[in-house]
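Okay, so here's the structure we're looking at.
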Amino acid sequence: MAETTHPYTADLAPGSLITQDGQMQWAGMLFGPGTPYTIEKSGLSGWEDLPEFDSSDAERPTGHGAWPGARYAKPRKVGGTLWMVPERGASLATVRALRQALTLGDQERWLAVRLHGEVLAVRARVAQRIVPADRMYATQGAAKASVQWLATDPRRYLVDEQSALVFAPEPESGLTWPLAWPLKWGTASSTGDASADNDGSAPSHPVITFRGPCGTPSVTERVSRRRLRYAIDLAGGDELVVDTGAGTVTLNGNASRRHTATADSSPEELFTFEPGRAELSFRPDTAAPGALMSVRWRHAEW
């Protein structure tokens, strides 16, 4: 059954309601200056902090210290205190809007915060809502509410999505006769190469789309040498979408094709854009005019 949503729980574009520093947007609701929900002066906890992490460090059995292992961040907890101060005669409407927005739900929504002109966002769910029903709340409708969100992906993302598109490589035109010095080999109309910048501090998982006609589409990140390669033939108009964050490979929007990954293909979840520049090479085994690869990602921050 589809999840029922109110305007306040609609999954709007991150930061689309924010107009000034100090504001916070949760789904379709705005908090902060200019709203009945003022963020207390202590601000937010867990927003600029590094998330907790699990470590696979292994203690040395016959020496000091440990061997360093991988570290993986745990979900991010973001909390804060809000002063709910309704306008005259709007106490019930103000608290009902807060109830509808800060409810239990299975689906994550965008939680966005603007500070110093920068809007960062995470996908999160409400984990806690505390509204004391004290005398001030009973007589004036005002309350000091505590709220906490839990983001299963602890990375914060810039709201503007980045994209790159590259066509399958084509051969150079070759020498032109009669020969003349210096020799000109011609230029290829497409090299199949593209770059992707991640200006943040955390690795970002891209969404990669291969479009036919091509056979055994593949992409290699030349810095890390990670590769995604699939033993599948794509006809003209076919799209194979690889969501590296979710670890899914989908043909034409509905059929899973993760099982077509070849033996030399990296696990999708490990194919990330580290901070800096990623160098991509689109190299299908066969391709006809119109074959291309498109990539979407966001700059990611810890």
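No value in this document is a laboratory result; all are computed from the given coordinates. Treat the numbers as computed from the prediction; the structure is a model and nothing was measured. Here the Cβ is made from the backbone with ideal geometry for all residues, glycine too, and neighbour counts use every protein chain on show.
Taking a quarter of the surface of the Cα convex hull of region 30-79 gives a mean projected area of 5.3 nm². When all alpha carbon pairs of region 47-110 are counted in 5 Å bins from zero, the resulting P(r) reads 4, 11, 12, 13, 12, 10, 9, 7, 6, 6, 4, 3, 2, 1, 0 %. For the pair S224 and R96 in one chain, pulling the backbone fully straight at 0.36 nm per residue adds 41.0 nm over the alpha carbon distance.
Of the labelled options (1) 23.8; (2) 22.7; (3) 23.3, which one gives Kirkwood radius over Cα pairs in Å as computed for this structure? Of the listed options (1) 23.8; (2) 22.7; (3) 23.3, (2) comes from this structure. Taking other Cβ atoms within 10 Å as a rough exposure proxy, W67, W149, W47, W302 sort from fewest to most as W67, W302, W47, W149.
With a simple spin-label model that places each label point 7 Å from the Cα along the Cα-to-Cβ direction, the separation between L115 and L270 comes to 3.4 nm.
Averaging over all projection directions, the Cα-based convex hull of region 162-301 occupies 9.6 nm² in the image plane. Taking the longest Cα principal axis of the chain as reference, the axis of helix 91-101 is set at about 30 degrees. With the helix formula -39500 (n - 2.57) applied to DSSP H stretches of n ≥ 4, the chain reaches a computed 222 nm mean residue ellipticity of -1500 deg cm²/dmol. With a Förster radius of 22 Å applied to the C-beta separation of R88 and I130, the computed FRET efficiency comes to 0.30.
Put in line by how crowded their Cβ is, counting other Cβ atoms within 10 Å and starting with the fewest, L292, L102 read L292, L102.
Label separation (W302 vs D233): 4.8 nm, computed from points 7 Å beyond Cα along the C-beta direction.
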